[in-house]
Amino acid sequence: MRVPVVSVNGKPLMPTKPAKARKMMRDGVAVGKFNKLGIFYVQMQIPVGDRAQDVSLSVDPGSKYDGYAVGTSKGVMLKGMAKMPLIAEKNKAQKTDEKISQIPKMEKTLQI
């Protein structure tokens, strides 16, 4: 889990670990706040550099689940998975039924 960090001006910075966020608040370097959505974040009280790492989003689409990951060169920051709606499964079953119905039916004849 990571805690979002913003600069004195409110510009987003790289997130930090909860333990480091607690130390920064304890030392008076940062103050904890909540945004409109109720997400806790830390705002710096002293000016810091505004450099941030490049972050990339990876998406792995699948038939039943989609996978998502946010990562940097140092490692993966966030991973998630979303279940696809049942509509896709119903459409797949319907197409299978249509294919089966298109197969010519063979009549069994018994010749003696």
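Here, each number is a calculation from the coordinates, and none is a lab measurement. Computed from a predicted structure; not experimentally measured. Cβ sites come from the backbone with ideal geometry, for glycine too, and all protein chains shown count toward neighbours.
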Filtered residue count, region 34-49, keeping only those that are touching a Leu at 6+ places or on another chain (Cβ under 9 Å) and either in a loop (DSSP other than H, G, I, E, B) or surrounded by fewer than 13 Cβ atoms within 10 Å (Cβ to Cβ) (or both):
2
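Test V31 against the criterion of being among the hydrophobic types (A, V, I, L, M, F, W, C) and part of a loop (DSSP other than H, G, I, E, B), and give yes or no.
no
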The correct count of residues that are of a type in the set (G, A, S) and exposed (fewer than 11 other Cβ atoms within 10 Å of the Cβ) in region 12-33 is 2
